[in-house]
Amino acid sequence: MESVLFPNRLLGEELYPIRDAIERFARESAYRNNLHLIELKLIDSNEKRFLRERNVITYEMEVSETSMVAVNYTDDFTILVNEEDHFRIQVIRPGLQLIEAYKAADRIDTELNRFVPYAFSDELGYLTACTSNLGTGLRVSALLHLPVITMKNMLQQLIPQEKKAALEIKGTIGPSSKTLGGLYQLSNRISLGLSEVDIIETLDEVLGDVLELEDTLRDEYISESRLELEDKIWRSYGMLQNSRRMSYIESMDHLSNVRLGIILAIIKNIDVKAANDLMVNIQWAHLQRHGGVLFKSTNECDEYRSDYIRKILRTHEVR
């Protein structure tokens, strides 16, 4: 926001212009009828954790005293307020719909700009707290399930050398390549000197190559070591079906193998959506909400998780 310090330097009354702008957006914008504005310091820690687990907010917002989030369930977007920057529009779409997500974000951006005068430089573009977001301010990401690439330890080979300055692939645990369940995020590193179309096309090109490599490696694995692959998948299914206490990390690794088995038609009568839903719903706050309980220990959560997974799997006649 123009003429306002970045969030990490704001105190007290200096926050007023930010709050006023998002409150007017919630009251008067074209999205006002379905917009819910949440001041995070006013909700309890379990609710904040649930929002973080659903990627509605970030960890930084979860522990912040000044952050807010505007949620629109109809148009399926969020606006993060006082995270790293004053405002961050977030649109998530399934099935690698990069263009559709961008178009939605662009419409929201245009509407938000009616209420927020953006800080802009003719030389640097939109001004942001982190220099990697200068320029268009656009961050495009795709969440990918790459189990066989993970098994073969080929992550570092995914992005061509000439594109490593523009793109990065990282795991779901912090900024490193460490991950759970073979899930990775491919995104652009920079937005300065590039148009929105350039960013999307560059990422989409590498995205296609990564998915093609994963498909090729899956075919090779089946062709060369089918019994080994089937054993890995069915062992994971058996652990999920029979375990009485399982951690989130172990559950995600087994669900990754089961999801691979579903896609390869090794496991039948379970659809991919069921595996996708399990990967989300076995998180701590999700399980608490499902059971209407507050866990007193990690063991209690792990036991509930195992019970929940077994119940879901029992609803499918697997063969």
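Here, each number is a calculation from the coordinates, and none is a lab measurement. No experiment lies behind these values; they were computed from the predicted model shown. Cβ sites come from the backbone with ideal geometry, for glycine too, and all protein chains shown count toward neighbours.
In the chain, taking the dipole from charged Cβ atoms about the Cα centre, the farthest positive-side position among Leu240, Ile282, Val4 is held by Leu240.
Here each label is just a point 7 Å from Cα along the line to Cβ, and for Glu224 and Ser45 those points are 4.8 nm apart. Entry note, the chain: relative contact order of 13 percent, from Cα contacts under 8 Å with a spacing of 6+ residues. With R₀ fixed at 35 Å, the C-beta to C-beta distance from Ala119 to Asn281 puts the FRET efficiency at about 0.35.
Taken about its Cα centre, region 1-118 carries a charge dipole of about 260 debye when Lys and Arg each add +1 at the Cβ and Asp and Glu each add -1 at the Cβ. The value of relative contact order for region 1-118, using C-alpha pairs under 8 Å at least six residues apart, is 27 percent. For region 236-317, averaging the sequence separation of C-alpha pairs within contact (under 8 Å, six or more residues apart) and dividing by the residue count gives a relative contact order of 42 percent.
Round to the nearest 10 and give me the degree value, 0 to 90, for the angle of helix 248-263's Cα axis relative to the longest principal axis of the chain. Helix 248-263 sits at roughly 70 degrees to that axis.
If you wrap the Cα atoms of the chain in a convex hull and average its projected area over all directions, you get 17.9 nm². Calculated translational diffusion coefficient of region 1-92 (37 °C, 0.692 mPa s; Stokes-Einstein with Kirkwood radius over alpha-carbon pairs) equals 245 µm²/s.
For the chain, the Cβ-based charge dipole about the Cα centre amounts to some 1280 debye (Lys, Arg positive; Asp, Glu negative; other atoms uncharged). The share of alpha-carbon pairs in region 184-319 lying farther apart than 17 Å comes to 66%. Per residue, the chain reaches -14500 deg cm²/dmol at 222 nm when only DSSP H runs of four or more residues are counted, each adding -39500 (n - 2.57).
A simple count of charges around Thr110, restricted to other residues whose Cβ falls under 14 Å of its Cβ and scoring Lys, Arg +1 and Asp, Glu -1, yields -2.
Farthest toward the positive end of the dipole of the chain, out of Leu227, Ile108, Asn72, is the Cα of Leu227, where the dipole comes from beta carbon charges about the Cα centre. Cross-link partners of Lys268 among lysines, defined as those whose alpha carbon lies under 18 angstrom from its own and excluding same-chain residues fewer than eight positions apart: Lys232, Lys311. Whole-percent P(r), region 184-230, all Cα pairs, 5 Å bins from 0: 5, 19, 19, 14, 13, 10, 8, 6, 5, 2. Mean projected area of the convex hull spanned by the Cα atoms of region 137-185, taken over all viewing directions: 3.7 nm².
Per residue, the convex hull spanned by the Cα atoms of region 86-213 amounts to 115 cubic angstrom. Remark: Thr66, Thr315 ranked as Thr315, Thr66, counting other beta-carbon atoms within 10 Å and listing the fewest first. DSSP bridge analysis restricted to the chain gives an antiparallel fraction near 95%, rounded to the nearest 5.
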